[in-house]
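First the structure, in the form of structure tokens, and then the observations on it.
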Amino acid sequence: MGNFPPARGVRLVDAALIAYGRAFEHPCKIRLIRFLIRLLAAGRVQVRHAPGAVIAVDPADYIGWAVFRTGYYEPATLDLALRIMATEPGLFVDVGANFGWYTCAVASIAGATVISIEPDCENCAFLRANIALNGFRNVVVFSGAVGPSPAVLPMSRRSSANSGTVAVLGPDELASAQDRHWVAATALDILLARLVRPAARLVLMKIDVEGFEPQALAGLDFNGPFRPKNILLECDRALSIPRWGSRDKLATFFADRGYELLDVFGRPLAGEGALPEENVWARDRM
């Protein structure tokens, strides 16, 4: 787990629901919990989140359920992000921010500035609500996608029960997608040049865009003013790695740009085995 306590309920009703959710198991428990959450908390439970932000989660969602039941989601990766940003408070760019799990945690660090990028309109509404819940003034939200160049991209949520599965559709997926919608996209360099004035290096960029990571990074000039010092990147074996071609090609991409590739515990990658939390850490060596 991370070097922070598990997320805990903010209001009395949140604390009671979480205590019941994390207690003993019994038949129909999940169905009863979700009924009680809809009845007593309007479908969303507020938790106090590391290192002190408040965030509302939907336990009917895959990520929200993990937070509700365990108090954590990607604790090692989040802990790494918080340590990086606490050591050098500065600019954090959250590409694929979802409802703000990372955004709100980092935004609570004094001196940090956050740019949150989220293409899904439903996720973005919850992201903005969580930012407002904390009264953050150091977060800028871009409701759109990033790619190699300005474009309009087809997107879909692959699983209705998992807000983290919003993805750019490939040509072979267009005809079969059930909830296809189109989203405006721009290159990271163009977006950052508009939002970051004067230009400044990114202390950390987190990217979780369901296999679209190579295209998102193609819009960033690694020799330009926004070169990240650290990148946390989703590295899912079933989805992300095929888009890179192999883990070796992923490592070569970053090595060619002056980065070393580590797991989220700071260990060099070895072999093709499973990665902790299916994320990797690219650390600038220059």
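Structure above, values below:
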{"read-out": "Enumerated strands (runs of 3 or more DSSP E) restricted to the stretch 123-212, each holding at least 2 residues that are at pLDDT 95 or above", "value": "139-142, 145-147, 151-157, 181-187, 204-207"}
{"read-out": "Scope the stretch 155-172; condition touching a Phe, Trp or Tyr at 6+ places or on another chain (Cβ under 7 Å), over 11 Å from P119 (Cβ atoms) and buried (at least 16 other Cβ atoms within 10 Å of the Cβ); matching residues", "value": "S163, G164"}
{"read-out": "Qualifying residue in the stretch 265-274 (condition: assigned to a loop (DSSP other than H, G, I, E, B), surrounded by 13 or more Cβ atoms within 10 Å (Cβ to Cβ), within 18 Å of the chain's Cα centre (by Cα) and without any contact (Cβ under 8 Å) to a residue 60 or more places away in the chain)", "value": "no"}
{"read-out": "Yes/no for K249 being out of contact with any strand residue (DSSP E or B) (no Cβ under 8 Å at 6 or more places or on another chain), among the basic types (K, R) and either within 22 Å of G100 (Cα to Cα) or in a helix (DSSP H, G or I) (or both)", "value": "yes"}
{"read-out": "Strands (runs of 3 or more DSSP E) contained in the stretch 28-119 and holding at least 1 residues of a type in the set (V, I, T), touching a residue at least 60 places away in the same chain (Cβ under 8 Å) and touching a strand residue (DSSP E or B) at 6+ places or on another chain (Cβ under 8 Å)", "value": "53-57, 91-95, 113-117"}
{"read-out": "Whichever residue in the stretch 213-231 is part of a helix (DSSP H, G or I) and among the aliphatic types (A, V, I, L, M) and, among such residues, is farthest from M85 (Cα to Cα)", "value": "A218"}
{"read-out": "Residue check for V57: buried (at least 19 other Cβ atoms within 10 Å of the Cβ) and outside the structural domain of V166 (by TED's automatic domain parsing)", "value": "yes"}
{"read-out": "Residue ID - farthest from Y72 (Cα to Cα), chosen from residues in the stretch 41-58 that are at pLDDT below 95 and not small (G, A, S)", "value": "P51"}
{"read-out": "Test: residue in the stretch 183-198 that is touching a helix residue (DSSP H, G or I) at 6+ places or on another chain (Cβ under 8 Å) and among the β-branched types (V, I, T)", "value": "no"}
{"read-out": "Members of the stretch 198-235 that are within 19 Å of A76 (Cβ to Cβ) and among the polar types (S, T, N, Q)", "value": "N230"}
{"read-out": "Single residue of the stretch 112-130 satisfying the filter (hydrophobic (A, V, I, L, M, F, W, C) and over 26 Å from P89 (Cβ atoms)) that is surrounded by the most Cβ atoms within 10 Å (Cβ to Cβ)", "value": "A125"}
{"read-out": "Failed criterion for F253 (all others in (1) crowded, with 20+ Cβ neighbours inside 10 Å; (2) over 19 Å from the mean Cα position of the chain (by Cα); (3) of a type outside the set (S, T, Y) hold)", "value": "(1)"}
{"read-out": "The stretch 1-10: number of residues that are surrounded by 14 or more Cβ atoms within 10 Å (Cβ to Cβ), modelled with pLDDT under 95 and hydrophobic (A, V, I, L, M, F, W, C)", "value": "1"}
{"read-out": "Enumeration of residues in the stretch 75-89 that are buried (at least 18 other Cβ atoms within 10 Å of the Cβ) and in contact with a Gly (Cβ under 6 Å, 6 or more places away or on another chain)", "value": "P75, L78, D79"}
{"read-out": "Selected residue (criterion: nearest to P59 (Cα to Cα)) from residues of the stretch 11-36 that are surrounded by fewer than 18 Cβ atoms within 10 Å (Cβ to Cβ) and of a type in the set (V, I, T)", "value": "I30"}
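For every residue, the table says whether it meets (1) farther than 14 Å from G100 by Cα; (2) among the small types (G, A, S); (3) more than 28 Å from the chain's Cα centre (by Cα).
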{"residue": "Y20", "(1), (2), (3)": "yes, no, no"}
{"residue": "C28", "(1), (2), (3)": "yes, no, yes"}
{"residue": "L32", "(1), (2), (3)": "yes, no, yes"}
{"residue": "L39", "(1), (2), (3)": "yes, no, yes"}
{"residue": "G43", "(1), (2), (3)": "yes, yes, no"}
{"residue": "H49", "(1), (2), (3)": "no, no, no"}
{"residue": "A53", "(1), (2), (3)": "no, yes, no"}
{"residue": "P59", "(1), (2), (3)": "yes, no, no"}
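The values are calculated or read from the model by the stated rules, or taken from the named source; none is laboratory data. Since the model is a prediction, treat every value here as computed from it, not as a measurement. Virtual Cβ from ideal backbone geometry, glycine too; neighbours counted across all protein chains shown.
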